[in-house]
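**Q** Sharing a structure, written as structure tokens. Questions coming.
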Amino acid sequence: MSEEFPPYAALPALTLHPSVNPEQLDAAKVVADWLSSFTESLSKGQAEEISDHFLEKESWWRDFISFSWDIACHNGAKTISKYLSTSKSGFRHPKADQPGAMMPQLANLGPMQFIQSGFSFETDIGVGRGVLRLASIGPDQWKAWTIFTTLEHLKEQEAETQSHASLDSLQVLIVGAGHSGLYLAAHLQELGLKYLIVDKASQVGDAWRTRYDTIKLHTPTETGHYPFLKYPSDSPRYLDKEDILKWMEHYQQTLGLKVRYDTLAKNIEYNEFTQQWSVELQSNGSVEKINPKHVVLATGPFSDVPIRPEFPGEDLFKGQIYHTLAHKSAASITDLQNKVVTIIGAGTSAHDVAQDFVNHGVGTVTMVQRASLFVTSLDSMEKFQTSLWNTPGVSTEDADLLGNSFPTAVIRTLGMGMTQMITANDKDMLDGLKKAGLAVKRDGGENLLDFLLIKGGHFYFDQGASQMIIDGQIKVQRCKQGVQEFDAEGIILGDGTKIKSDIVILATGVYGCEKMIEQIMAKEVMDKVGDVATLDDSQERKGVWRPTDVPGFWFMTGNFVWSRQFAPVLALQIAAVERGLRGYESPK
């Protein structure tokens, strides 16, 4: 296990006790009995009684604002019972009343067998749903392995009539009109809160609009449905840039989401006395100051600031150098068939841009690779990663519930087996890539989910570039030391290899959201916010979709799936503050 990743979860030996006959097992009764016994113990507040319902060491409870106003995850019977027994949520009336895939059933996960069931529940202030997994430990004895709970609605939460709120009465300011900002706004609107989205661009989705023309989603449409409005059934399976932009515009207009364009939010400061924010909105040469109670940064996990390494000898190079952020289309480059293009980097953007050049008839294009990466076919991705969202009879809402029901540490452990299955399924492609010179992760015991969920890089979901590499249309030059310097004709690698080039493109990534914070927030606020992307001890993200260390300051971000799953969780937290159901508690 690499030190750069947190620990994996230990998995229990999930097998049926010899006394259990699978054909005669009444899963619904087992679940109902467990829920009844657990709820009775919980009502007494006795930690020892509560603890007895869980596996001693391997049990987990992941909770989204049901037992506390935070996203929390706890491991081990004693820790779980302490969390539950000290909660004042009023958890009650759990019922295994969910239809279809959420019904109580004996489930198999590889060699593991357990009972899985969805359930509904109430608390003092709302209703929610959850997923329960029970392990067989003896004759008629079942204990919880994993439980997930999420609050879905506040009681009496009917939306108020929404007139166009004046800026003086604004409750929530959302900075960023990308998909994350739109998703959150849709839920705030449903809850009757007065909000406004501002964006420095003149249209929604500017982060997509400014990227290269060939960019497209690497996940199928069924995983990316928007809240309250799903993609049409005839949508392309993998949306490209134009599809995404058209749908975002349609979504904003159809739901009537309130957006002010060509507006820059700056000098964001918090007033502890008034418990409000001071924000300057700059638009058309004028400045307007507003005082919302909540500010949500929804500008994405990355900034628009490129990571731009400087190399000795760049001033000697006779060709062109630019970052992938500046790339639009290879079609705009004249005499392309006689050009030699070198791309520094081998991540997703490098693959996409190299593919664009090949499709437009480039003379030669080469990727310079330092570290190995995971390459996954779309077939493997659909079979092993996103199949839940394409399972007949499983709704998007149920798939999201099941998808979140495993704690991060547990799903990462399970991901080791998934990585092995992907490697086996993609064997021919990976063999071809290795032969062509691309260093692929496959044999070193590394886990694809570590790089997807935690590192956020070193992977590529194949959209066509892999076969081009195998066929020699995209060349790969491997050098662990990377590029050391330029000369008049091109680049010189750390091993002394020279690559003559007409165009050098830097696929070196962009800075994280901290660069965006620096641009718009007062320094004292920025210092308190800190690094929101890190994980806490339970492997939940510290400041994303949950309280930060600054009252009323929130981060809303993530890909299409995460944003859809967490937008309602964040919206309910904000609504609870506004309705006086809670104060603002920062995480401990």
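**Q** More than 30 Å from Asp549 (Cα to Cα) and among the acidic types (Asp, Glu) - does that describe any residue in region 86-106? Break it down into steps so the answer makes sense when it comes.
**A** Quick first cut of region 86-106, residues more than 30 Å from Asp549 (Cα to Cα) only: 92-106.
With among the acidic types (Asp, Glu) added as a condition, the list becomes 97.
Checked region 86-106: at least one residue is more than 30 Å from Asp549 (Cα to Cα) and among the acidic types (Asp, Glu).
To keep it simple, each residue is scored yes or no on (1) in contact (Cβ under 8 Å) with a residue 12 or more places away in the chain; (2) in a loop (DSSP other than H, G, I, E, B).
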position: Lys78; (1), (2): yes, no
position: Ser89; (1), (2): yes, yes
position: Gln98; (1), (2): yes, yes
position: Ser120; (1), (2): yes, no
position: Leu134; (1), (2): yes, no
position: Glu156; (1), (2): no, yes
position: Leu173; (1), (2): yes, no
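**Q** Please specify each residue of region 136-150 satisfying the condition of being farther than 13 Å from Asn404 by Cβ and in a strand (DSSP E or B).
**A** Just the residues of region 136-150 that are farther than 13 Å from Asn404 by Cβ, to begin with: 136-145.
Those that are farther than 13 Å from Asn404 by Cβ and in a strand (DSSP E or B): Ser136, Ile137, Gly138, Gln141, Trp142, Lys143, Ala144, Trp145.
**Q** Here is a further query. If I filter region 367-385 for residues that are farther than 26 Å from Asp431 by Cα and touching a helix residue (DSSP H, G or I) at 6+ places or on another chain (Cβ under 8 Å), do I get at least one hit?
**A** Within region 367-385 (the criterion being farther than 26 Å from Asp431 by Cα and touching a helix residue (DSSP H, G or I) at 6+ places or on another chain (Cβ under 8 Å)), the answer is no, since none of the residues qualifies.
**Q** Given the structure, is Ala331 more than 22 Å from Ile422 (Cα to Cα) and part of a helix (DSSP H, G or I)?
**A** Numbers: more than 22 Å from Ile422 (Cα to Cα): yes; part of a helix (DSSP H, G or I): yes.
Yes; evaluated as a whole, the condition is true for this residue.
**Q** Next up: Please find, among Val544, Val550, Val525, Val529, the residue that is within 29 Å of Leu239 (Cβ to Cβ) and either at pLDDT below 95 or surrounded by fewer than 16 Cβ atoms within 10 Å (Cβ to Cβ) (or both).
**A** Working: Val550 fails: within 29 Å of Leu239 (Cβ to Cβ); Val525 fails: within 29 Å of Leu239 (Cβ to Cβ); Val529 fails: within 29 Å of Leu239 (Cβ to Cβ).
On inspection, the qualifying residue turns out to be Val544.
**Q** Anything in region 209-218 that is within 28 Å of Leu388 (Cα to Cα) and buried (at least 17 other Cβ atoms within 10 Å of the Cβ)? List them, or say none. Can you show your working first?
**A** Residues of region 209-218 within 28 Å of Leu388 (Cα to Cα): 214-218.
Matches in region 209-218: Thr214, Ile215, Leu217, His218.
**Q** Here is a follow-up. If I ask for residues that are under 21 Å from Phe486 (Cα atoms) and small (Gly, Ala, Ser), which ones from region 316-362 would you list?
**A** Residues satisfying the conditions are Gly319, Ala326, Gly345, Ala346, Ala350, Ala354.
**Q** Given the structure, is Asp124 within 21 Å of Glu40 (Cα to Cα), without any contact (Cβ under 8 Å) to a residue 40 or more places away in the chain and out of contact with any Cys (no Cβ under 8 Å at 6 or more places or on another chain)? It would help to see each step written out before you state the result.
**A** Working: within 21 Å of Glu40 (Cα to Cα): yes; without any contact (Cβ under 8 Å) to a residue 40 or more places away in the chain: yes; out of contact with any Cys (no Cβ under 8 Å at 6 or more places or on another chain): yes.
Answer is yes for this residue.
**Q** Can you tell me which residues in region 129-153 are more than 22 Å from the chain's Cα centre (by Cα) and under 21 Å from Arg579 (Cβ atoms)? Talk me through it step by step, then tell me what you get.
**A** Within region 129-153, the first condition is being more than 22 Å from the chain's Cα centre (by Cα), and the residues that meet it are 132-145, 153.
Passing the criteria: only His153.
**Q** Being out of contact with any strand residue (DSSP E or B) (no Cβ under 7 Å at 6 or more places or on another chain), outside the structural domain of Gly403 (by TED's automatic domain parsing), within 29 Å of Lys523 (Cα to Cα) and not hydroxyl-bearing (Ser, Thr, Tyr), is that true of even one residue in region 279-295?
**A** So far as region 279-295 goes, yes, one or more of its residues are out of contact with any strand residue (DSSP E or B) (no Cβ under 7 Å at 6 or more places or on another chain), outside the structural domain of Gly403 (by TED's automatic domain parsing), within 29 Å of Lys523 (Cα to Cα) and not hydroxyl-bearing (Ser, Thr, Tyr).
**Q** Exactly one of these conditions fails for Ala10: (1) buried (at least 16 other Cβ atoms within 10 Å of the Cβ); (2) under 34 Å from the mean Cα position of the chain (by Cα). Give me its number.
**A** (1)
Residue by residue, here is whether (1) farther than 18 Å from Arg370 by Cα; (2) part of a helix (DSSP H, G or I); (3) out of contact with any helix residue (DSSP H, G or I) (no Cβ under 8 Å at 6 or more places or on another chain); (4) not basic (Lys, Arg) holds:
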{"residue": "Lys435", "(1), (2), (3), (4)": "no, yes, no, no"}
{"residue": "Leu438", "(1), (2), (3), (4)": "no, no, no, yes"}
{"residue": "Gly444", "(1), (2), (3), (4)": "no, no, yes, yes"}
{"residue": "Asp450", "(1), (2), (3), (4)": "yes, yes, no, yes"}
{"residue": "Leu453", "(1), (2), (3), (4)": "yes, yes, no, yes"}
{"residue": "Ile469", "(1), (2), (3), (4)": "no, yes, no, yes"}
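**Q** Can you pull out the residues in region 225-267 that are of a type in the set (Ser, Thr, Tyr) and without any contact (Cβ under 8 Å) to a residue 12 or more places away in the chain? Give the derivation first.
**A** Residues of region 225-267 of a type in the set (Ser, Thr, Tyr): 226, 231, 233, 235, 238, 251, 254, 261, 263.
Selection gives Ser233 alone.
**Q** Which residues, counting only those in region 219-239, are over 18 Å from Glu382 (Cβ atoms) and either buried (at least 19 other Cβ atoms within 10 Å of the Cβ) or of a type in the set (D, E, K, R) (or both)? If you could, list the steps in order and put the result at the bottom.
**A** Of the residues in region 219-239, the ones over 18 Å from Glu382 (Cβ atoms) are 226-230, 232, 234.
Listed by number, the residues that qualify are Tyr226, Pro227, Lys230, Asp234.
**Q** To continue, here is another question. Assess whether His218 counts as being modelled with pLDDT under 95, closer than 28 Å to Gly464 by Cα and either in the same structural domain as Glu518 (by TED's automatic domain parsing) or polar (S, T, N, Q) (or both). Let's see the steps before the verdict.
**A** Values: modelled with pLDDT under 95: yes; closer than 28 Å to Gly464 by Cα: yes; either in the same structural domain as Glu518 (by TED's automatic domain parsing) or polar (S, T, N, Q) (or both): yes.
The answer is yes for His218.
**Q** Quick check on region 351-406: of everything there that is among the β-branched types (Val, Ile, Thr), part of a loop (DSSP other than H, G, I, E, B) and within 24 Å of the chain's Cα centre (by Cα), which residue is surrounded by the fewest Cβ atoms within 10 Å (Cβ to Cβ)? Before the answer, list the steps.
**A** Taking region 351-406 as the starting set, the residues that turn out to be among the β-branched types (Val, Ile, Thr) are 353, 358, 362, 364-366, 368, 375-376, 386, 391, 394, 396.
Still in the list and also part of a loop (DSSP other than H, G, I, E, B): 362, 386, 391, 394.
Now drop any that are not within 24 Å of the chain's Cα centre (by Cα), which leaves 386, 391, 394.
Values: Thr386: 18, Thr391: 14, Val394: 18.
Here the answer is Thr391.
Yes/no matrix, rows are residues, columns are (1) of a type in the set (A, V, I, L, M, F, W, C); (2) within 22 Å of Ile499 (Cα to Cα); (3) surrounded by fewer than 18 Cβ atoms within 10 Å (Cβ to Cβ); (4) in contact with a Cys (Cβ under 8 Å, 6 or more places away or on another chain):
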| position | (1), (2), (3), (4) |
| --- | --- |
| Met248 | yes, no, no, no |
| Gln253 | no, no, yes, no |
| Thr263 | no, no, no, no |
| His294 | no, no, no, no |
| Tyr322 | no, yes, yes, no |
| His327 | no, yes, no, no |
| Ser332 | no, no, yes, no |
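**Q** If you don't mind, another one. Just one of (1) in a helix (DSSP H, G or I); (2) in contact with a Pro (Cβ under 9 Å, 6 or more places away or on another chain); (3) surrounded by fewer than 18 Cβ atoms within 10 Å (Cβ to Cβ) trips up Val30, so point out which.
**A** Val30 satisfies every listed condition except (3).
**Q** Given the conditions (1) at pLDDT below 95; (2) buried (at least 16 other Cβ atoms within 10 Å of the Cβ), report the number of the one that Ile491 does not fulfil.
**A** Unmet for Ile491, out of (1) at pLDDT below 95; (2) buried (at least 16 other Cβ atoms within 10 Å of the Cβ): (1).
**Q** Would you mind stating whether Ala72 is buried (at least 18 other Cβ atoms within 10 Å of the Cβ) and within 28 Å of the chain's Cα centre (by Cα)?
**A** Numbers: buried (at least 18 other Cβ atoms within 10 Å of the Cβ): yes; within 28 Å of the chain's Cα centre (by Cα): yes.
Yes; evaluated as a whole, the condition is true for this residue.
The values are calculated or read from the model by the stated rules, or taken from the named source; none is laboratory data. Values in this document were obtained by computation on a predicted structure and should not be read as measured data. Backbone-built Cβ (ideal geometry, glycine too); neighbour counts: all protein chains shown.
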